[in-house]
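Laboratory data are not the source of any read-out in this text; all were calculated from the coordinates shown. All figures in this text were calculated on a predicted structure; none of them were measured in a lab. Counting neighbours? That spans all protein chains shown, and the Cβs are built from the backbone with ideal geometry, glycine included.
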């Protein structure tokens, strides 16, 4: 039913940029959910019926109104760099590709605003013209969009200073459109806007975002390698907490993870443990001294000027880009996402390494929680054997007091929300999507719409 109804939309709105070729629609219906063998199976064959790339707010209004009148599902997507099937429709319908709605708005002091489809690298470049930069940059920053990061992302480089997006004061406002025959345009501020964060576009369509910025820094890139797991982990933890040594990114890779980063092989001796970091130039000497005291040695260093000229940055080997590079070498790998206990994260990491080494490879990203506490988040690589063993590994982490944010499900409550959906999410859903047309099937707390 949805396919025949959707096929009439280009005739109804011929001025819009419609995509009807089944192969292109299928590609736009995917993200990096294939990182998970569980999601790969669950989402196989799922795709939209048609896609559209609005270029103006008015075009978004026209598409949304037409879908609401026809009862057509809408799945919002940016560049498709997510990992949980956020942009894969379960019930067909229209793919609302926001990547052409990408205008830069303004920077005023430490605040910036842009349309949801702007690429993060472009927003960051604009901000630097004003002496500012984005507070957090995911490893996918070249292609990921601002709205995509807000709807399905967490944070990235910079979260060690400012926490994730969810930390109060990072996202200041959002312009949102409701899915109704006569759509409403609403400005949300502070906590109201955050009710739409990381829920896969299930409870509102974000048109613009206003975010806090940071003073721009000319970051240097460094790789520090160690022979011993404990020395490398101890350095990362100590350096991460050092308040006077300014850094933007701090990634710990336990052996044999570095062996999977083929493009950096000349800087990563086989079997080493590595720490990848972006550090302020004035803090680099202190970082080197701290590393040397634990037996670490810097094998790679690039200045900010050299980074700008390079085809890839060190950031593109951290966060879930580590997973991507590793899976290029070994397609038998998958991963989990975990949150450690700030009071004993080092002890937890050592205990899990002792219990699971060989099957689980330690990858930690050091950051501040949304409450401001120094901690680490895991993106551990796992040698996949079965769904049952994968679940056992996640339970072993829980048994050690490590929280699991399950990346092997497309249900919001089973992933980041830990089965406890914030009532504000459902209130926003009722307000901005009363017909339940947005990405149906991803929000367990909302009854699925009836679609054929």
Using the basic label-point model (7 angstrom from Cα toward the beta carbon), what is the residue 161 to residue 110 distance in nanometres? 1.1 nm
Near-label residues of the range 96-127 by backbone N, under 14 Å of a point 7 Å along Cα→Cβ of residue 13: 96-101
Round to the nearest 0.05 the FRET efficiency obtained for residue 330 and residue 309 when R0 = 30 Å and r is the Cβ-Cβ distance. 0.45
Output the 0 to 90 degree angle, nearest 10, between the alpha-carbon long axis of helix 345-356 and the longest principal axis computed from the alpha carbons of the chain. 90 degrees
Residues 361, 394 arranged by fewest to most Cβ contacts within 10 Å: 394, 361
So what is the calculated 222 nm ellipticity per residue for the chain, using -39500 (n - 2.57) for each DSSP H run with n of 4 or more, over all residues, to the nearest 500 deg cm²/dmol? -8000 deg cm²/dmol
In nm, the gap between the two label points placed 7 Å beyond Cα toward Cβ at residue 130 and residue 422 is 2.5 nm
Could you work out how much longer the chain between residue 231 and residue 214 gets when fully extended? Use 0.36 nm per residue separation minus the Cα distance between them, nm to one decimal. 3.0 nm
May I ask for the equivalent-ellipsoid semi-axes of the range 102-216, computed as the square root of five times each C-alpha gyration tensor eigenvalue and listed largest first in whole Å? 22, 15, 13
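Which FRET efficiency value, to the nearest 0.05, do you get for residue 270 and residue 403 by plugging their Cβ-Cβ distance into 1/(1 + (r/R0)^6) with R0 = 35 Å?
Details: r = 33 Å, r/R0 = 0.94.
So the FRET efficiency works out to roughly 0.60.
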For the range 23-43 and the range 317-376, what is the separation of their C-alpha centers, rounded to whole Å? 24 Å
In whole Å, largest first, the alpha carbons of the chain cover along the principal axes 68, 51, 38
Order by neighbour count: 370, 312, 23, 247, fewest other Cβ atoms within 10 Å first, most last. 23, 312, 370, 247
The simple spin-label model distance between residue 344 and residue 263, using points 7 Å out along Cα→Cβ, in nm, is 3.9 nm
Could you give the length gained by full extension between residue 374 and residue 297, i.e. 0.36 nm per residue of separation minus their alpha carbon distance, to one decimal place? 25.3 nm
Ranked highest first by average number of other Cβ atoms within 10 Å, how do 93-102, 324-333 line up? 93-102, 324-333
On Cα atoms only, tilt of 57-70 relative to the major axis of the chain in degrees: 60 degrees
Once residue 122 and residue 143 are pulled to full extension, the length gained, defined as 0.36 nm per residue separation minus their Cα-Cα distance, is 6.6 nm
For the range 1-156, place one equal point scatterer on every Cα, skip the solvent, and apply the Debye formula. What is log10 of I(q)/I(0) at q = 0.10, 0.14, 0.15 Å⁻¹? -0.39, -0.72, -0.81
Reduced to Cα centres, the span from the range 49-79 to the range 102-141 in Å works out to 25 Å
